[in-house]
Amino acid sequence: APRPGSVVARGGSPLGRRVAGAPDVLRTGVGEPQPCPEERAELALPSLTPRQKASWLGLLVGVAECIALAALFRVKGGAAVYWEDPEMRLQVIAIFIGVMVLQTILMAAASRRADERDLRVIRTAPQFQAVGLLLGLAAWNIWLGENFHDQGAVPMVYIYLSLGSLFILYLSCWFAGVLLGYRLGRFHGQG
């Protein structure tokens, strides 16, 4: 049995530990040998850059907007009520515009004072927006086609709602694109 304070290597392959996120060493107690600087650097989790923090916040704001709108539609009675109730339309428009302004401010914050690596990540974000918009359009077309095929026409309210949801998706995918650009590793100084 290891004595208290000793550093013991964990079992398994290094790749398995990396995938699982397990540290390379396991401390059995307190007090004796401390890991060397190289071990500490290897075990340390990288902190988020200001761009990543702003992107996470922007993405969370977009998700919160979707949840708020879904709750509003459920509480008020759905799309038919939206079309007939001017108060509900104003609430939905206020949420859309408020979140768009907030996300635009966060986009500006995420784009400020960027070095070359950050600029490359920011320049790839629109690629994720394009994919998000295509998937969103496909989802809306399939859903609308399935639900209104027998009627022969899609009610106008759904056209408005699809446009608004595509704006949500457009902005949220930018933040996801920035986060994925960093996460994919191409821009961590490897090339």
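For segment 170-188, does any single residue satisfy the condition of being outside any helix (DSSP H, G or I), among the basic types (Lys, Arg) and over 17 Å from the mean Cα position of the chain (by Cα)? Reasoning before the result, please.
Within segment 170-188, the first condition is being outside any helix (DSSP H, G or I), and the residues that meet it are 184-188.
Then drop every residue that is not among the basic types (Lys, Arg), which leaves 186.
Okay, now just the ones that are also over 17 Å from the mean Cα position of the chain (by Cα), so 186.
Looking through segment 170-188, at least one residue is outside any helix (DSSP H, G or I), among the basic types (Lys, Arg) and over 17 Å from the mean Cα position of the chain (by Cα).
Taking the options 68, 80, 109, name whichever one is at pLDDT below 85, surrounded by 14 or more Cβ atoms within 10 Å (Cβ to Cβ) and under 30 Å from residue 136 (Cα atoms).
Numbers: 68 fails: at pLDDT below 85; 80 fails: surrounded by 14 or more Cβ atoms within 10 Å (Cβ to Cβ).
None of the other options fit; the residue is 109.
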One residue is enough: does segment 86-95 have a residue meeting the conditions surrounded by fewer than 14 Cβ atoms within 10 Å (Cβ to Cβ) and assigned to a loop (DSSP other than H, G, I, E, B)? no
Please verify whether residue 101 is in a helix (DSSP H, G or I), surrounded by 13 or more Cβ atoms within 10 Å (Cβ to Cβ) and β-branched (Val, Ile, Thr), treating the condition exactly as stated. no
Under 7 Å by Cβ, and 6 or more places apart or on different chains, what pairs join a residue from segment 116-142 that is polar (S, T, N, Q) with one that is assigned to a helix (DSSP H, G or I) and modelled with pLDDT of 85 or more? 124/177; 124/181; 127/177; 129/170; 129/173; 129/174; 129/177
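The values are calculated or read from the model by the stated rules, or taken from the named source; none is laboratory data. Computed from a prediction, not measured in an experiment: that's the story for all the values here. So basically every Cβ, Gly included, is an ideal-geometry build from the backbone, and we count neighbours across all protein chains shown.
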